[in-house]
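Beneath this line is the structure, given in structure tokens, with notes to follow.
FYI, it's all coordinate maths here, none of it is from the lab. Everything numeric here is computed off the predicted structure, so don't read it as measured data. Don't worry about glycine lacking a Cβ; one is built from the backbone with ideal geometry, like all the others, and counts go over all protein chains shown.
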Amino acid sequence: MDRLDSMRVFVAVATHGSFAEAARRLRLSPSVVTRSIAELEDRLGLTLLSRTTRSVRLTERGEIYLEGCRQILEDVESAERRVRRENADPRGELIVAAPILFGRLHVLPIVNRMLSEHRGLSIRLTLSDRNAHLVDEGLHVAVRIGELADSRLIAIPVGAVSRVLVASPAYLKRQGVPNSPAELAAHDIVAFESIDATNEWRFGGNGVAARVEPRLAVNSADAAIAAAEAGIGITRALSYQVEAAVLAGRLVPILQDFSPPPSPVSAIYPALRIASPNVTAFIKAAREYFKANPIAPLAGL
């Protein structure tokens, strides 16, 4: 393994804190990753990573080396982008991240189209409701829902979604329709833990709060929505997650007068990838997809 490849392996292990995860991400065997790090440390005469049975941590020297490796790898990628020019055909690997359900519904079609149009391109699509750090985790582009905290990222707006409360017609017939957030205390609640970090739900632009006690808490939007459709209780989701069920009559939006402001949906990427043909192609394909398939709040349905 040459020096640049060894650096890539080291950055992957340091970023993910795991030899096994680095191997999975790089599509290498764990033994190759372990040997690469051992050879790198032997060549430098330094211990870069402190290993225990439960964790992998950077040493002080490892932190210094990590910063240098990232800069070198970024410089190499930048040089390759410049020599290929911005209008070059997409080729090589593109690493994309998106929320699980949104990615399956709306990002996978973009990926499928790109793969059919660009034979020299391969794509790794990572679906997770955790917001990964693009640069630290080696991501090229991501689709995010909500306001962005990192001003160093370039964001391309592609739509907006709203947060909505829904329940099945059978549940509302049985338990009644709440007319205010305060009345939720008397209802059965299904909580999706990724959205509902606490049991205090906030409503409207002025942040009116209501305390809820879930009868069911799940870590999957699909499961929360399925439970609501089955009449278990009221759940809170994003508009794109329940739009089909609402249009089909399986779920009914409630308390829409108390809905918070819509949240933006953006395609984001680090500034260092502004000239990347792969990222440019993804942004173009995303704009075309969302123009034909608009993502909008649920109001009016």
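Modelled this way, with points 7 Å down the Cα-to-C-beta line, the labels at E80 and A230 are 4.7 nm from one another. When only alpha carbons of the chain are considered, Rg and Dmax amount to 22.9, 72 Å. Relative to the longest principal axis of the Cα atoms of the chain, the long axis of helix 30-44 lies at roughly 50 degrees. Of all DSSP-defined beta bridges confined to the chain, some 65% are antiparallel rather than parallel.
How do T52, T34, T47 rank when sorted from fewest to most other Cβ atoms within 10 Å of their own Cβ?
Listed from fewest to most nearby Cβ atoms, that is T52, T47, T34.
Estimated from helices alone, the mean residue ellipticity of the chain at 222 nm is -12000 deg cm²/dmol (sum of -39500 (n - 2.57) over DSSP H runs with n ≥ 4, per residue).
Under 5 Å between amide hydrogens, built in the peptide plane, is the criterion, and for L251 it picks out V246 among residues at least 5 positions away or on other chains. 3J(HN,Hα) along region 244-251, derived from phi through the Karplus expression 6.51 cos²θ - 1.76 cosθ + 1.60 where θ = phi - 60°, amounts to 4, 5, 5, 5, 7, x, 7, 10 Hz, with x in place of Gly and Pro. Extension gain, H133 to L108, is 6.9 nm, computed as 0.36 nm per intervening residue step minus the present C-alpha separation.
Against the chain, whose longest principal axis is taken from its Cα atoms, helix 108-117 shows a tilt of about 40°.
Restrict the search to region 99-176; then list the trypsin sites (Lys or Arg not before Pro) that DSSP places in a loop and that have at most 14 other Cβ atoms within 10 Å of their Cβ.
Loop-located and lightly packed - R119, R130, R152.
Placing R0 at 41 angstrom, the Cβ-Cβ distance between A217 and L148 gives a FRET efficiency of 0.90 after rounding to 0.05. So how tilted is helix 277-292 from the main axis of the chain? Cα-based, degrees 0 to 90, rounded to 10. Helix 277-292 sits roughly 10 degrees off the main axis of the chain.
Assuming charge only on the beta carbon of Lys and Arg (+1) and of Asp and Glu (-1), the dipole of the chain about its Cα centre is about 520 debye to the nearest 20.
If you take all other residues with their beta carbon under 12 Å from the beta carbon of V111, and give Lys and Arg +1 and Asp and Glu -1, the sum is +2.
Near G159, the amide H atoms lying under 5 Å from its own belong to V265; only residues 5 or more places off or on other chains count, and H is placed 1.01 Å from N.
Normalising by the residue count of the chain, find the relative contact order in percent from Cα pairs under 8 Å and 6+ residues apart. That works out to 22 percent.
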